[in-house]
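**Q** Can you read through this structure? Questions will come right after.
The values are calculated or read from the model by the stated rules, or taken from the named source; none is laboratory data. Quick caveat: nothing in here was measured; it's all calculated off a predicted structure. Don't worry about glycine lacking a Cβ; one is built from the backbone with ideal geometry, like all the others, and counts go over all protein chains shown.
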Amino acid sequence: MKTRKFLFATLLISLTASTLFTSCRKNDEDNETGAATDNAFAEANFNDVANIADQAGFNGNTSTYRTGQDDGTLLSACATVTRDTANSSNPDTITVDFGSTNCLSLDGRYRRGKIVITYSGGQNYRDSGLVATIVPQNYFVNDNGISGTKTITNRGHITNGKLTWDVVTSGTVVLANNGGTITWNSTKTKVLLAGETYYNGPITWQTAKVGITGSANGTSAQGESFTANITSQLIRDFSCTANRKHFVQGTFDFTPGSRPTRTVDFGNGACDNTATVTINNNTYTITLR
């Protein structure tokens, strides 16, 4: 029998444009936020799938919902976790099964269906060459259908000696109550800028920093295309205590359909909850939620 465990949650950070643009609706005549909201909603759901995969791989169950190893809230008592590691010549799998009927998780959301994680190339999330592919199967969250594939590859210490992961997602979210379908594709590179205790050693997430580059694109539930492109590396600083969930540095552009591009700037590294949004040469300071 082989033992595998890996950790994804701390590396999977959402680019949540919808919370940003809501704050400037009253001051900007271009106040359409549907595509930004759908982009954020799709990313959040696929990050959640990966967080559950992290939890199952780390603990062998879904009793603890881990986000950066600092969140001890209970996720779900009704999910079962099954491992298939018997055949050393094939990739190992973990199946998280929430059952065929809605199960109320302790984060307040209802889930049903399965999440299947296939992994190979390493025994730990920090192992160079580890590849984990996460596939929801008949999976629903609050009756929103989540389908597609998310693949996480550990590429080793290739970025100035820093651990680097490639994260590629392609999927759809079928909204509940005939709300339409969001398509979403993302290619991101994540680099551990600080927090590794020693080369290829444990990561101290309380002092870690993660940098993110890449882009996303898709189609909103209303059929409008959108793109999101990181123009300057986004940085999350886990030592920022109360504001650790926010980016503290970097910029990205969000373009909904043919409308003007929104440029979001998170600043120069200060541990705060503010950013600026520029639309049509008008700049607004906003508070991140």
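**Q** Can you pull out the residues in the range 124-152 that are out of contact with any Leu (no Cβ under 7 Å at 6 or more places or on another chain), among the hydroxyl-bearing types (Ser, Thr, Tyr) and closer than 26 Å to ALA40 by Cα?
**A** Residues satisfying the conditions are THR133, TYR139, SER147, THR149, THR151.
Residues are listed down the side, and each one gets a yes or a no for (1) in contact with a helix residue (DSSP H, G or I) (Cβ under 7 Å, 6 or more places away or on another chain); (2) modelled with pLDDT of 80 or more; (3) farther than 18 Å from THR151 by Cα:
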residue	(1), (2), (3)
ASN51	yes, no, no
ALA77	no, no, yes
ARG111	no, yes, yes
GLY129	no, yes, no
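**Q** What about GLN206, is it more than 16 Å from the chain's Cα centre (by Cα) and surrounded by 17 or more Cβ atoms within 10 Å (Cβ to Cβ)? I'd like the intermediate steps shown before the answer.
**A** Details: more than 16 Å from the chain's Cα centre (by Cα): yes; surrounded by 17 or more Cβ atoms within 10 Å (Cβ to Cβ): no.
No, not satisfied.
**Q** Quick one: which of THR153, THR149 is out of contact with any helix residue (DSSP H, G or I) (no Cβ under 6 Å at 6 or more places or on another chain), surrounded by fewer than 21 Cβ atoms within 10 Å (Cβ to Cβ), of a type in the set (Ser, Thr, Tyr) and within 30 Å of GLU224 (Cβ to Cβ)?
**A** The unique qualifying residue is THR149.
**Q** Taking the condition assigned to a loop (DSSP other than H, G, I, E, B) and touching a strand residue (DSSP E or B) at 6+ places or on another chain (Cβ under 9 Å), does CYS240 pass?
**A** In short, no.
**Q** Within the range 246-278, can you find the residues that are within 20 Å of ALA35 (Cβ to Cβ), touching a residue at least 24 places away in the same chain (Cβ under 8 Å) and surrounded by fewer than 20 Cβ atoms within 10 Å (Cβ to Cβ)?
**A** Within the range 246-278, ASP253, THR255, GLY257, ARG259, PRO260, THR263 qualify.
**Q** Are there any strands (runs of 3 or more DSSP E) wholly within the range 88-168 with 1 or more residues that are on the phi > 0 side of the Ramachandran plot, and if so which?
**A** On the way: elements: 92-97, 110-120, 131-141, 144-159.
Qualifying strands (runs of 3 or more DSSP E): 110-120, 131-141, 144-159.
**Q** Let me ask another. Taking the range 101-143 as the search range and keeping residues that are among the basic types (Lys, Arg) and over 21 Å from THR82 (Cβ atoms), which one is surrounded by the fewest Cβ atoms within 10 Å (Cβ to Cβ)?
**A** ARG109
**Q** Something else: Name the residues in the range 243-289 that are among the charged types (D, E, K, R), assigned to a loop (DSSP other than H, G, I, E, B) and within 30 Å of GLU196 (Cα to Cα), would you?
**A** Keep residues of the range 243-289 that are among the charged types (D, E, K, R), which gives 244-245, 253, 259, 262, 265, 272, 289.
From what's left, assigned to a loop (DSSP other than H, G, I, E, B): 244-245, 259, 272, 289.
Matches in the range 243-289: ARG244, LYS245, ASP272, ARG289.
**Q** Still on this model: Specify the residue that is modelled with the lowest pLDDT; the eligible residues are those in the range 181-209 that are among the polar types (S, T, N, Q) and either farther than 27 Å from ASN229 by Cβ or assigned to a loop (DSSP other than H, G, I, E, B) (or both).
**A** Ranking the qualifying residues of the range 181-209, first place goes to ASN200.
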